[in-house]
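Novice: Before I ask anything, let me first share the structure, which is written out below as structure tokens.
Computed from the coordinates by the stated procedures, all read-outs in this text should not be read as laboratory data. Just so we're clear, the structure is a prediction, and the values are computed from it rather than from any experiment. A quick note on method: Cβ atoms are made from the backbone with ideal geometry, for glycine too, and the neighbour counts reach across all protein chains shown.
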Amino acid sequence: MSELTRRLLLAAAAASALTAPASAQDTLKLGLVAAMSGQSAKSGEAIVRGLSIAIDEINAKGGVLGKKVELLVRDDESNPAKGAVAARELVQREKVVGLFGGLDTPVSIAIVPFANQNKVPFMGVWAAGTPITRNGVAENYAFRVSAVDVLVDKALVDYATKKYATKKPGMILINNPWGESNEKGLKEALAEKNMPYAGIEKFQDADVDVVPQLTRLKEAGADVLFLVANVAPSSQVVKSLDRMGWNVPIVSHWGPAGGRFSELAGPSSQRVHFIQTFSFSGKLSPKAESVLAALKKKYPEIKSLADVTPAVGIANAYDAINLMTLAIAKAGSTEGPKVREALYALPKYEGLIKTYDKPFTPANHDALTSDDYIFTHFKDGEILPLTN
């Protein structure tokens, strides 16, 4: 176990222990399965922070159903099989009444069938793969406070059209279910505009040289690249472009936000424009001011806004756990079917990202829409909003 992994898991355990009474029967347990190690560890750290700040507030008001809320964290190491095992252990052994998911779409896709089969509410707070919530199951327990690929892809195409007047974009996509989800969405979004694409290239997490794929896109006349990958592979795309000397605009899904992208990709990282759902930069709402102050108090290592990057993980998680616990309170029960029905009948809630008014319906398990997306880039280690 790396020192970073050990530190993050200890911090998460400490956050739980602060709010957990001596008797486990007196707690309402919620579980998080996320990347707490590896190149995407900062995503897990951000989610833990968002959940923990919300839990502190909830417990200060008396908890839920008369019980203090306790958070249990498991590291999925960005591995679907490990994520599925962790979810099973949290539900069957630890008796959590709800699950939260992390950064990686393949991990969430591996967990959702188990959640549906066992009628345990699963709330995605980062992974954007369309099939996570839109999974075709009649009795669906997968909900999400996050972006969803099918909407992100339309936003990427719209942004590239307005910002760069793209006529023939190319796609460079990670070769996994998340990449497949976005390939489908990007094709549909481009077809709606009757716009051709230069080509579709795939690459692997471990690839350190993407020059061959990028060269094919360049030769095909790509004037913008749509990038879909998490931190480490995204940085390899940027470094490969640098080696080629190809200064093509990059419009990306939010993968680069999940870790040390600016460090790994170098100075060219700031020319990657990527989507987010929230930023602590600029004029903040009273709710955002309050959450930021709580973060700085609870985590003294936060000295500047660069230290709350990625804000999207914090914000999505904060809103998601508040919606989940509001549903449990409304249901008056921790039984999955009752909580699921309560999620469809939530009262209006003023969250960090927006005010939620009936965010979930039986036909729509995604609380955020394309109106909630912003485009950003890295500058001096901080994720800053861009204007169209």
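Novice: Listed here are the pairs K297/K330; K283/K379; K239/K297; K287/K330; K163/K358; K119/K184; which of them are more than 26 Å apart at the Cα? Each step should come with its number before you reach the end.
Specialist: Values: K297/K330 31 Å; K283/K379 18 Å; K239/K297 37 Å; K287/K330 23 Å; K163/K358 33 Å; K119/K184 29 Å.
K297/K330; K239/K297; K163/K358; K119/K184, as the Cα separations exceed 26 Å there.
Novice: Please report, in Å, the Rg and the Dmax of the stretch 107-225, where both are computed over Cα atoms only.
Specialist: Considering the stretch 107-225 through its Cα atoms, Rg and Dmax are 16.4, 50 Å.
Novice: A follow-up question, please. Return the subset of K168/K193; K303/K354; K67/K296 for which the Cα-Cα distance in this structure is over 19 Å, preserving the input order.
Specialist: Working: K168/K193 12 Å; K303/K354 26 Å; K67/K296 26 Å.
From K168/K193; K303/K354; K67/K296, over 19 Å: K303/K354; K67/K296.
Novice: Follow-up. May I ask for the angle, rounded to the nearest 10°, between helix 41-60 and the longest principal axis of the chain, with both axes built from Cα atoms and the value confined to 0 to 90°?
Specialist: 30 degrees
Novice: Among N116, V237, A293, which residue has its Cα furthest toward the positive end of the charge dipole of the chain, with +1 on Lys/Arg Cβ and -1 on Asp/Glu Cβ?
Specialist: Looking along the dipole axis, the top candidate is A293.
Novice: In debye to the nearest 20, how big a dipole does the chain give about its Cα centre with +1 on each Lys and Arg Cβ and -1 on each Asp and Glu Cβ?
Specialist: Working: 44 positive and 41 negative charges, 97 e Å.
Dipole magnitude for the chain comes out near 460 debye.
Novice: Quick one: I374, I132, fewest Cβ neighbours within 10 Å first, how do they rank?
Specialist: Numbers: I374 16, I132 28.
Taking fewest neighbouring Cβ atoms as first place, the list is I374, I132.
Novice: May I pose another question? For the chain, give me the percentage of DSSP beta bridges that are antiparallel, rounded to the nearest 5 percent.
Specialist: Working: 11 of 44 bridges.
Within the chain, antiparallel bridges account for around 25 percent of the total.
Novice: For the residues L173, L51, what sequence is obtained by ranking on other C-beta atoms within 10 Å, fewest first? Intermediate results must be reported in sequence, preceding the final value.
Specialist: Working: L173 23, L51 29.
With the sparsest Cβ surroundings first, the list reads L173, L51.
Novice: Tilt of helix 231-244 relative to the longest C-alpha principal axis of the chain, in degrees (0 to 90, nearest 10)?
Specialist: 10 degrees
Novice: Separate question: Taking amide H positions as placed in the peptide plane 1.01 Å from N, state which residues far from F100 in sequence (5 or more) or on other chains have amide H under 5 Å from it.
Specialist: G31, L32, V33, M123
Novice: Could you tell me what % of all Cα pairs in the stretch 313-365 have separations over 18 Å?
Specialist: Values: 370 of 1378 pairs.
For the stretch 313-365, the fraction of Cα-Cα distances above 18 Å is 27 percent.
Novice: Oh, and also: With unit charges on the beta carbon (Lys/Arg positive, Asp/Glu negative), name the residue among F378, V33, P359 whose Cα is farthest towards the positive pole of the charge dipole of the chain.
Specialist: Value: P359.
Novice: Pick out, from L217, T161, L173, the residue whose Cα sits farthest towards the positive end of the charge dipole of the stretch 150-253, with +1 on the Cβ of Lys and Arg and -1 on the Cβ of Asp and Glu.
Specialist: In the stretch 150-253, that residue is T161.
Novice: Quick check: the angle from helix 286-298's long axis to the longest principal axis of the chain, C-alpha only, nearest 10 degrees?
Specialist: 80 degrees
Novice: Any number yet on Rg/Rh for the chain, C-alpha, Kirkwood? Please list the in-between numbers first.
Specialist: Details: Rg = 20.1 Å, Rh = 20.9 Å.
Radius of gyration relative to Kirkwood radius: 0.96.
Novice: Moving on to the next point. Taking only Cα atoms and a 10 Å spring cutoff, compute GNM fluctuations for the chain and point out the largest among G66, G185, G102.
Specialist: G66
Novice: Here's another thing I want to ask about it. How much of the pair distance distribution for the stretch 291-388 lies past 20 Å, counting alpha-carbon pairs only, in percent? Let's see the in-between values first.
Specialist: Working: 2350 of 4753 pairs.
Above the 20 Å cut-off, the stretch 291-388 has 49 percent of its Cα pairs.
Novice: Over the chain, calculate the relative contact order: mean separation of alpha carbon pairs under 8 Å at least 6 apart, over the residue count, as a percent.
Specialist: Details: 782 pairs, mean separation 65.6, N = 388.
Contact order relative to length: 17 percent.
Novice: Give, in nm to one decimal, the length gained when the segment between D357 and K287 is fully stretched (0.36 nm per residue of separation minus the Cα-Cα distance). List each step's numbers first, then the result.
Specialist: Details: separation 70, 0.36 × 70 = 25.20 nm, distance 1.67 nm.
That works out to 23.5 nm of additional length.
Novice: Sum -39500 (n - 2.57) across every DSSP H segment of at least 4 residues in the chain, then divide by the residue count to get the 222 nm mean residue ellipticity, nearest 500. Mind dumping the intermediate values first?
Specialist: Working: 13 runs with 169 residues, N = 388.
Here the helix-only value at 222 nm equals -14000 deg cm²/dmol.
Novice: While we're looking at this one, here's another question. Could you go through the stretch 145-161 in sequence order and give the Karplus-derived ³J(HN,Hα) for each residue, using 6.51 cos²θ - 1.76 cosθ + 1.60 with θ = phi - 60°, rounded to whole Hz, and x for Gly and Pro?
Specialist: Along the stretch 145-161, the couplings run 10, 5, 6, 10, 3, 4, 7, 4, 4, 5, 5, 4, 5, 4, 5, 5, 5 Hz.
Novice: Let me ask another. Quick one: length gained pulling K163 to E94 fully straight, 0.36 nm per residue minus the C-alpha distance?
Specialist: Full-extension gain reported as 19.9 nm.
Novice: With r defined as the distance between the Cβ atoms of S268 and Y349 and R0 fixed at 35 Å, what FRET efficiency is calculated, to the nearest 0.05? Present the calculation step by step, with values, prior to reporting the outcome.
Specialist: Numbers: r = 40 Å, r/R0 = 1.14.
Between S268 and Y349 the formula returns 0.30.
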